[in-house]
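A short worksheet on the structure shown next.
The values are calculated or read from the model by the stated rules, or taken from the named source; none is laboratory data. Model, not experiment: these values are computed from the prediction. Quick reminder, even Gly has a Cβ in these numbers, built from the backbone with ideal geometry, and neighbours come from all protein chains shown. Please note that ligands, DNA and RNA were not included when accessible areas were found on the heavy atoms of the full protein model with its side chains. Shrake-Rupley method; radii C 1.70, N 1.55, O 1.52, S 1.80 Å.
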Amino acid sequence: MVMHSLSAPTRREAILLIFVFVSLLLFSRTGYDTSRVKFWDVDKSDASPTAQVEPWRTRITWSNGHVPNTRVVSHVPGWTIFDNLFVLNGTVFVVTDFPSSIPDRLTITSTAVNIFNGEEAVNSRTPGDREMRVISTDQAQKLFGSSAESIDGVTWLVNDPPQFITHYYHWSAELFFGFWRTYSSLDTAIDEMGKSTLPALRRIFFAHVDADHWRDYALMNQWVLRSAFPSLTTEYSYDWEDRAAMGRPMMLDRVIFTDRAAAMHGEHFLSTGRTASEPSALPGSAHWWSTIRANVIRVCGLDPNIAGDMAQTPVITYVSRQEWGRRMLIQEDHERLVEELYKLRDLYGYEVNVVSMDKLSRAEQLALAARTTIMMGVHGNGLTSLVWMRPSPRATVMEFFFPGGFAQDYEYTTRALGMVHYGFWGDEYFTSPDTPEQAYPPGFQGTSIPIDGAVVARLCHERLLLR
């Protein structure tokens, strides 16, 4: 029998063994720090090798009299960012010993009923203690006890009914638009390609909307949301009720609280008619929307560094409504417009697209809009895709109205993105600040809207000569 004796390890072997042991110990303690997750195109290879694993934090506890205070990080009517916001039994609680520091409740929240005109309807939206209460730390201690369930990270709480949400424009160019303008005010250094240091949005609470009533008929809402925030989770009215039925307080680390009815008390809304105009009073980067645009068009296979760049061939996109049955051009004027646009293509080499958006896939719609330099069409939902255009000195939206009619929807959105909008009445056109009052005369929704194609084409060429 061959016997093997065990000899003591050499000094070199001992050093190697210690090195391996220490390395394994350090490696076992490393992890991916979710607080470092940024909204802009995260590369995990850049994660710090010494980042600590985030603990599984399900509950916040405190000693007597030390309930975490709610902090108003940012506020304009209808759009408020809170830290440490509490919710119990479906009621929102602002905890502070300085109640005078909290904005008027009327400009934060509402009863979330459908919005109609008239004094009775306005009064029905006025919030009470069922919707939101401002309480002291002593009151919070009595109500909550010594702990609350933790809702960590960034939450968007949508306190709106489904009334306007189920529409591509009201979602992408108003609610979502205003949300991001509010949240992006915390990072004024967002660059042209959308790079941001903001932590990614983790979840949305639709407190008054069920899972079937936030999607729009064109199926664009969900595409935009999922491409902008791929890791996002959503909770709906039934989930909100489930949490309320637990009878336990929850504390949201950071929440963007949005309420359409509350925004209607703001000065900017009163002058524009757009709830998303209120956050324009907040600080922000000139490129604030580029973060969302970049993420959405990447999913369509485009490079945001290239799509819409002025070095590319100019793209003119006419969004036609000629098969919709309402808000249509006079057929002869439509044909003349198409003819004039194709002349521009043949003379100057511009790319010209005449499209019905509903005939394109969602990815095709978004990709085309992202490449477009000039978008035009009769007032309608198809123009919502202007939000995916790349702002530049040439970027232009041309909107055709029945003479005497005007709506601010797309005009405001265009200007908010740093682009130029022209409204047309036949052979006349106007732009900010010389826009008319909002009006919907007979014929506004009709099928006999006039347009002078030669005037439109001439203005297109002038815009595309800009450098």
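Let's test the formula: R0 of 35 Å, r as the Cβ-Cβ distance of Ala244 and Thr188. What FRET efficiency results, to the nearest 0.05?
0.45
Lys/Arg Cβ at +1, Asp/Glu Cβ at -1, dipole of the stretch 393-467 taken about the Cα centre: which of Phe444, Tyr429, Thr414 is farthest positive-ward?
Most positive-ward Cα: Thr414.
So if I place +1 on the C-beta of Lys and Arg and -1 on the C-beta of Asp and Glu, and nothing else carries charge, what would the dipole magnitude of the stretch 320-465 be about its Cα centre? I want it in debye, nearest 20.
520
Which of the chymotrypsin sites (Phe, Trp or Tyr not before Pro) found in the stretch 124-217 are loop residues per DSSP with 13 or fewer other Cβ atoms within 10 Å of their Cβ?
Those satisfying the criteria are Tyr217.
What is the ratio of the Cα radius of gyration of the stretch 122-198 to 2.2 N^0.38 Å, with N the residue count, to two decimals?
The reported ratio for this selection is 1.55.
Percentage of Cα-Cα pair distances in the stretch 77-223 greater than 17 Å, rounded to whole percent?
That tail contains 69 percent of the Cα-Cα pairs.
Let me know the charge dipole size of the chain about its Cα centre in debye, to the nearest 20, where only the beta-carbon of Lys, Arg (+1) and Asp, Glu (-1) is charged.
About 1560 debye.
Looking at the chain, do any whole DSSP H helices span at least 27 angstrom along their long axis by alpha carbon and average -0.5 or above on Kyte-Doolittle, and which?
11-29
For the chain, give me the percentage of DSSP beta bridges that are antiparallel, rounded to the nearest 5 percent.
Counting DSSP beta bridges with both partners in the chain, the antiparallel share is about 40 percent.
Could you give the length gained on full extension between Asn353 and Arg130, defined as 0.36 nm per residue of separation minus the Cα-Cα distance, in nm?
75.0 nm
Rounded, prolate or oblate, given the Cα gyration tensor of the chain, with a/c below 1.5 counting as rounded?
The shape class here is oblate.
For the chain, build the charge dipole from Cβ charges (+1 Lys, Arg; -1 Asp, Glu) around the Cα centre, then report which of Tyr348, His170, Val87 sits farthest towards its positive end.
Checked the options; the winner is Val87.
Determine, at each q value in 0.09, 0.22 (inverse angstroms), the log₁₀ of I(q)/I(0) that the Debye formula gives when each Cα of the stretch 312-417 is one equal point scatterer.
-0.21, -1.34
Just to confirm the filter: which GluC sites (Glu not before Pro) across the stretch 148-234 are DSSP coil and have at most 16 other Cβ within 10 angstrom of their Cβ?
When the GluC sites (Glu not before Pro) of the stretch 148-234 are filtered for loop state and at most 16 Cβ neighbours within 10 Å, Glu192 remain.
Where nothing but the Cβ of Lys and Arg (+1) and of Asp and Glu (-1) is charged, how large is the charge dipole of the stretch 176-282 around its Cα centre, in debye to the nearest 20?
That gives a dipole near 160 debye.
Summarise the accessible area of the chain (1.4 Å probe, protein heavy atoms) by the percent that is carbon and sulfur.
54
Leaving out ligands and nucleic acids, and using a 1.4 Å probe, what accessible area per residue does the stretch 165-286 come to in Å²?
Averaged over the residues of the stretch 165-286, the accessible area is 37 Å².
Once you have the Kirkwood Rh of the stretch 259-348 from its Cα pairs, apply Stokes-Einstein at 20 °C and 1.002 mPa s and quote D in µm²/s.
Here the translational diffusion coefficient equals 122 µm²/s.
If Ser184, Ser101 are ordered by their accessible area, calculated over protein heavy atoms with a 1.4 Å probe, which sequence runs from highest to lowest?
The most accessible residue leads, giving Ser101, Ser184.
Give me the log10 of I(q) over I(0) for the stretch 172-295 at q = 0.15 Å⁻¹, as the Debye formula computes it from C-alpha points; what are the numbers?
-0.82
For n ≥ 4 DSSP H runs only, could you compute -39500 (n - 2.57) per run for the chain, divide by its residues and tell me the 222 nm figure to the nearest 500?
Helix-only estimate at 222 nm: -8000 deg cm²/dmol.
For the stretch 85-133, count the residues as N, evaluate 2.2 N^0.38 Å, and divide the Cα radius of gyration by that value, please.
This ratio for the stretch 85-133 stands at 1.27.
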